[in-house]
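Enquirer: Below you'll find the structure I mean.
The values are calculated or read from the model by the stated rules, or taken from the named source; none is laboratory data. What you see is a predicted model; the values in this text were computed from it and never measured. Counting neighbours? That spans all protein chains shown, and the Cβs are built from the backbone with ideal geometry, glycine included. All accessible areas refer to the heavy atoms of the entire protein, side chains included, with ligands and DNA or RNA removed. Shrake-Rupley method; radii C 1.70, N 1.55, O 1.52, S 1.80 Å.
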Amino acid sequence: MANRAVLNTDLRRGTINRNIYGHFSEHLGRCIYEGIWVGEDSPIPNTNGIRNDVVQALKQIKIPVLRWPGGCFADEYHWKDGIGPKENRKRMINTHWGGVVENNHFGTHEFMMLCDMLECEPYINGNVGSGTVQEMSEWVEYLTFGGVSPMSELRQANGRKEPWKVAYFGVGNENWGCGGNMRPEYYADLYRRYQTYVRNYDDNKIHRIACGPNVDDYNWMEVLMREASRFMDSITLHYYTVPGATWEDKGPATGFETSEWFTTLEKALRMDELITKHSVIMDKYDPEKRVGLIVDEWGTWYNVEPGTNPGFLYQQNTIRDALVAGLTFNIFHKHNERVQMANIAQTVNVLQSVILTEGEKMVLTPTYHVFDMFKVHQDAERIDLELDGGNYRYDGREIPAVTASASINADGVIHISLCNTNHAEKSVVPVDIRGSKGQSFEVAGTVLSGDRIDAHNTFDAPDTVVPQPFHSFTLEGDQLTVELPPMSVTVLALTPK
Ligand code: AHR
């Protein structure tokens with residue numbers, strides 16, 4: 001069958017939550033320290049210790065929500081170590097990540113200041129694995145209570161009179177693994193207990209997030225939904241795209257073969273299957289879809305860059321990562337009824353970063369540009385888009401050659417995002433625009449592509465992979481035809497004339 005797409009402009013499928021474009025920053029490698037926090041005395045331009053260039057870049061992509069302090073670090077983090085005068089804060093070893101000194105200079109006040117600067121919502125992940133109920137409860141009190149109480153007074157003594165607003169709070173992270181190696185039955189009970197003391201103070205309303213499964217652990221999802229769904233607002237899912245067959249050799253971030261290109265995209269597409277199957281379980285216990293699914297760790301995970309600390313998870317980012325991001329967003333859009341938030345791992349210098357830094361230098365990765373191009377979908381209404389874009393075959397296997405999604409914003413502008421997974425061949429997609437009642441459109445587009453499968457940006461050549469104006473389309477009446485270059489991510493804007 002020839003490639004064909006039908007855009008049903010009158011079939012609306014609900015809002016694409018802007019939080020799908022969320023981020024995750026852990027005390028891991030050079031994400032927080034160097035990547036975000038350089039300290040007030042740094043020669044790198046900063047505001048109260050936070051890098052100006054990174055803040056500006058993240059504001060540009062309209063970062064809606066930021067998860068912190070972990071990750072595995074969250075279940076070892078004791079928040080009181082990170083408040084008060086910096087010179088008095090505990091110095092310790094980050095035992096989980098790289099064995100380096102953690103001086104606790106970036107703590108609660110600094111994180112909340114960062115969120116203020118970014119104008120994004122904070123998503124704080126509490127410690128269940130090695131923390132107490134009291135410790136978690138007091139953190140929420142410290143953050144959000146404005147009345148008379150020990151934690152409110154402690155916050156004020158540390159310079160912050162007014163309480164903050166905290167919308168999202170996670171009760172543990174990967175408690176099936178680094179967060180305590182628990183069984184789902186045990187964690188479900190702990191979740192019920194800990195979340196009881198995550199209180200809503202004043203008019204702050206906390207969205208309580210339970211630790212969900214790893215990848216395809218459907219039993220974990222079943223037990224958590226059965227035992228604890230009525231106590232949660234959302235549950236998490238973690239899924240990383242690892243091209244290699246083993247954790248010992250995950251494959252390189254650059255200099256890879258075509259087979260690794262294909263395998264990476266094939267594995268990234270598995271997100272659709274995972275969300276679909278987890279949603280079936282969630283539907284059983286929550287047919288109203290009250291509980292959200294939050295994919296708060298996703299992205300590519302490769303071998304670290306040669307010569308770097310293996311515990312820092314520093315990797316380059318290529319046009320392949322841009323495809324992974326585009327494919328993943330199209331999948332999240334498809335599941336917009338259940339997926340309420342997602343957080344790429346991780347914002348700066350760790351795993352599939354949107355930003356890399358080296359001293360005062362900063363470079364935006366191809367993944368950053370996908371976030372920038374796709375931000376038009378934030379809080380827009382999804383439009384039904386049926387697509388058969390043919391298959392991309394490699395070595396006897398096949399994946400869709402094209403994936404796409406569409407939305408309409410408050411101004412009536414329709415955006416269509418399309419990914420061509422084929423590393424070598426263009427894809428032509430004719431799109432029937434239906435339901436627009438003779439409305440004519442002005443079309444403009446942006447495309448991100450590369451001249452080789454590992455095309456990437458470096459500090460010396462930061463503009464190798466950057467969005468370009470896209471002109472390879474025609475519109476005649478309600479027939480839009482798009483010619484997508486090989487290995488590309490494209491976003492079209494259809495503005496009513
Ligand atoms: O993102 C890196 C790590 O991956 C996180 O700390 C952990 O939650 C996951 O295993």
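Enquirer: Along the positive direction of the dipole of segment 1-135 (beta-carbon charges: Lys, Arg +1; Asp, Glu -1; about the Cα centre), which of Thr132, Val54, His27 reaches farthest?
Expert: Farthest towards the positive end: Val54.
Enquirer: Rg/Rh for segment 375-482: what does it come to with C-alpha atoms and Rh from Kirkwood?
Expert: Numbers: Rg = 16.0 Å, Rh = 16.0 Å.
Result for segment 375-482 is an Rg/Rh of 1.00.
Enquirer: Within 10 Å, count the other beta carbons around each residue, average over each peptide in 238-247, 391-400, 121-130, and list them highest first.
Expert: Details: 238-247: 17.1, 391-400: 14.7, 121-130: 23.4.
Taking the mean over residues of other Cβ atoms within 10 Å, the ranking is 121-130, 238-247, 391-400.
Enquirer: Dipole of segment 1-123, Cα-centred, from +1 at each Lys and Arg C-beta and -1 at each Asp and Glu C-beta, to the nearest 20 debye? List each step's numbers first, then the result.
Expert: Details: 14 positive and 15 negative charges, 107 e Å.
For segment 1-123, the charge dipole is close to 520 debye.
Enquirer: Quick one: dipole size for the chain, taken about the Cα centre, charges +1 on Lys/Arg Cβ and -1 on Asp/Glu Cβ, in debye to the nearest 20. Working shown, then result.
Expert: Working: 46 positive and 66 negative charges, 186 e Å.
The calculation lands at about 900 debye.
Enquirer: Pulled fully out, how much extra length does the chain show between Thr132 and Val280, if you take 0.36 nm times their separation in residues and subtract their Cα-Cα distance? If you can, show how the numbers build up before the last one.
Expert: Values: separation 148, 0.36 × 148 = 53.28 nm, distance 3.34 nm.
My answer for the length gained is 49.9 nm.
Enquirer: Summarise the accessible area of the chain (1.4 Å probe, protein heavy atoms) by the percent that is carbon and sulfur.
Expert: On the way: 9180 of 19120 Å².
Within the chain, the accessible surface is 48 percent carbon and sulfur.
Enquirer: At what distance in nm do the modelled label points of Thr308 and Arg393 sit from each other, each positioned 7 Å from its Cα along Cα→Cβ?
Expert: 3.8
Enquirer: Could you tell me what a quarter of the Cα convex hull surface of segment 329-380 works out to, in nm² with one decimal place?
Expert: Working: hull surface 16.5 nm².
Quarter of the Cα hull surface area: 4.1 nm².
Enquirer: So, one more: With an 8 Å cut-off on Cα pairs and a minimum separation of 6 or more residues, tell me the relative contact order of the chain in percent. Intermediate values should be presented prior to the final figure.
Expert: Numbers: 1153 pairs, mean separation 92.8, N = 497.
The value is 19 percent.
Enquirer: Give the accessible surface of the chain per residue, rounded to a whole number of Å², with probe radius 1.4 Å and ligands, DNA and RNA excluded. Can you show the working numbers first?
Expert: Values: 19120 Å² over 497 residues.
Value for the chain: 38 Å² per residue.
Enquirer: Would you mind counting up the charge near Glu153? Only other residues with Cβ under 13 Å from its Cβ, with Lys and Arg at +1 and Asp and Glu at -1. Walk me through the intermediate numbers first.
Expert: Details: positive: Arg155, Arg160, Lys161; negative: Glu138, Glu141.
Result for the local shell: +1.
Enquirer: Of Leu274, Leu387, which has the most accessible area with a 1.4 Å probe, and how do the rest follow in descending order? Please report the intermediate quantities before stating the final value.
Expert: On the way: Leu274 0, Leu387 60 Å².
Correct descending sequence by accessible area is Leu387, Leu274.
Enquirer: Which value, in Å³ per residue, describes the convex hull spanned by the Cα atoms of the chain?
Expert: Numbers: hull volume 73.8 nm³, N = 497.
For the chain, the hull spanned by Cα atoms encloses 148 Å³ per residue.
Enquirer: Right, next: State the answer as a single residue: which of Gln378, Ser149, Trp164 lies farthest towards the positive end of the charge dipole of the chain, with beta carbon charges of +1 for Lys and Arg and -1 for Asp and Glu, about the Cα centre.
Expert: Most positive-ward Cα: Ser149.
Enquirer: Which order, highest average first, do 29-37, 58-66, 342-350 follow once you tally other Cβ atoms within 10 Å for each residue and take the mean per peptide?
Expert: Numbers: 29-37: 24.0, 58-66: 20.1, 342-350: 25.9.
The packing order, highest mean first, is 342-350, 29-37, 58-66.
Enquirer: Okay, next question. Equivalent-ellipsoid semi-axes (√(5λ), Cα gyration tensor) for segment 112-194, whole Å, largest first? Working shown, then result.
Expert: Details: eigenvalues 146, 48, 18 Å².
The answer is 27, 16, 9 Å, longest axis first.
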